[in-house]
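Bear in mind that the values in this text are calculations on the coordinates, not laboratory data. Just so it is clear, the model here is predicted, and its values are computed rather than measured. Please note: Cβ atoms are built from the backbone with ideal geometry, for glycine as well, and neighbour counts cover all protein chains shown.
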Amino acid sequence: MGGSARARADGRMTDTSAHASRAWPARELVIRGARRDDVDDIAAIERRAFSDPWSAGSFRALFGNPVVHFAVAEDVISGRVLGYVVSWYVVDEAEIANLAVADDARRAGIGARLLDHALDIAKERRSRVVFLEVRESNAGARALYASRGFQVAGRRAKYYRKPVEDALVLRREL
């Protein structure tokens, strides 16, 4: 399992939007399976969130893979994709491979809802442990993961590029 769960490559989690100081209302947000017509929006979020982004083709390649779960957070009023999570499940292990939220929707609990969704799917698929990687400097993402019970299990030296940085491997038992 070799993906990389990420929040923002530069470690910043700030936002000045109207939604920055409150959670996105549950009635306005749905977590649903990603669709092919979501890929352009997902790739745009990815490019803004990460210095070494996945390509649109990488996201398209996920569809139809039985070990992959690919979900989006959608504003039900506007229909806008606000974030996404990619996870995969092999035997009794899961990995959160990618997670990002649109710049103007950050700090509203959407990343937490996407992470919780992926953890729920891991339980449904009878995973016993979940892994992810995160930039060591990404304090916001690390705090989110710690709030959900993830603990440091290791380090991958120089794992990230642009800039080069170690990844912390996080683990959570289910």
**Report entry** Candidates Pro66, Pro53 - the one that is surrounded by 17 or more Cβ atoms within 10 Å (Cβ to Cβ) and without any contact (Cβ under 8 Å) to a residue 12 or more places away in the chain
**Finding:** Pro53
Report task. Check region 73-82 and report whether any residue there is touching a residue at least 12 places away in the same chain (Cβ under 8 Å), closer than 25 Å to Lys162 by Cα, surrounded by 21 or more Cβ atoms within 10 Å (Cβ to Cβ) and β-branched (Val, Ile, Thr). Result -> no
Query raised in the report: Is region 28-37 home to any residue that is touching a helix residue (DSSP H, G or I) at 6+ places or on another chain (Cβ under 7 Å), outside any loop (DSSP other than H, G, I, E, B) and within 25 Å of Tyr159 (Cβ to Cβ)?
Result: no
Requested in this report: Please give the number of the condition Ala105 fails out of (1) touching an Asp or Glu at 6+ places or on another chain (Cβ under 9 Å); (2) over 28 Å from Val30 (Cβ atoms).
Outcome: (2)
Query raised in the report: What number goes with the only condition from (1) in contact with a Ser or Thr (Cβ under 8 Å, 6 or more places away or on another chain); (2) in contact (Cβ under 8 Å) with a residue 60 or more places away in the chain; (3) among the β-branched types (Val, Ile, Thr) that Ile121 does not pass?
Result: (2)
